[in-house]
Amino acid sequence: MLTTGFKLWFGFFVAVVFAAVFAGYTSGATETGPLSLGWKGGVGNHVSYTILVFAAGVLALFGLVAVAFRDADAEAQAEVLGLDEAPAAQHEVGSSLWPVFGALGVGTLGVGLVVHPAVFVIGLCIVAAVAVEWTMTNWSEKVSGDPAANAEARENLMRPIEIPILGTIGVGVLVLAVSRILLASSVTGAVWVATVVGIVIFGLAVLVSQRPDLPRVAVRGILFVGCVAVLVLGIVTAVSGEREFHHKGGGAHQDDAHAEADH
């Protein structure tokens with residue numbers, strides 16, 4: 001009997017095989033080349049065809065592994081191992097948001113191919129980060145049958161890496177957003193904006209320091225609202241553009257340079 005996992009991977013395998021054949025015929029292949037893996041004729045674009053054929057082979061391997069291990073069915077494992085009772089199944093885990101962030105990264109990659117290379121690089125960074133985080137989350141969920149111990153194992157391994165990286169990225173994004181706000185304001189307005197922002201940050205710091213019993217959720221909420229407000233203002237001012245900069249005292253030097261060039 002074919003398992004659910006095998007049907008899933010086999011479906012992907014068939015789709016990628018059709019994609020490889022289609023890519024071959026649309027890139028100058030002969031009649032039988034894509035169907036015979038290049039044995040009876042050309043396959044068109046070798047790079048795209050080879051990548052798709054290799055991907056199809058990997059998907060087929062996943063399907064064979066799934067059906068061989070019966071989708072990790074506990075009773076099937078007990079039968080193979082010769083046990084009277086099925087081994088303890090993995091503890092049930094909750095839903096994950098990493099597929100959502102992964103889809104966001106893939107979408108950013110697609111937008112970057114059309115809009116700007118910088119957006120494409122951001123998409124690559126998102127996909128790489130999601131791949132690492134998702135892998136470590138999957139690993140931690142299988143450390144033991146205790147969810148608390150699994151979460152602690154992940155925290156001990158990833159927090160020393162996540163906190164410095166996220167802190168650096170967060171500070172950089174906030175500095176960039178504040179700079180966009182100041183550049184979009186007038187000279188006097190930029191001074192007032194910087195003054196007000198500094199007073200607000202200092203006031204919130206004093207408030208938190210005077211209330212050591214303040215719930216951590218409240219502190220996180222204040223920081224979250226403040227960061228979102230700065231980011232929104234930074235995006236709005238970046239779209240509106242910078243103010244006009246007038247260079248003083250440059251006219252006389254430019255006139256002298258033109259006069260020397262004429263002579």
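The table below lists the values:
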quantity	calculated
Residue (of LEU214, ILE199, VAL225) at the positive-pole extreme of the range 166-244, dipole from beta-carbon charges	LEU214
Shape category assigned to the range 166-244 from the gyration tensor of Cα positions, a/c cut at 1.5	prolate
Trypsin sites (Lys or Arg not before Pro) within the range 102-191, DSSP loop, no more than 13 other Cβ atoms inside 10 Å	LYS142
Size of electric dipole in the range 166-244: Cβ of Lys, Arg +1 and of Asp, Glu -1, about Cα centre, debye, nearest 20	200
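Every read-out reported here was derived from the displayed coordinates using simple, explicitly stated rules and does not represent laboratory data. Note that the coordinates shown come from a computational prediction; the quantities given were computed from them, not determined experimentally. Heads up, the Cβs are rebuilt from the backbone with ideal geometry, glycines too, and the neighbour counts pull from every protein chain shown.
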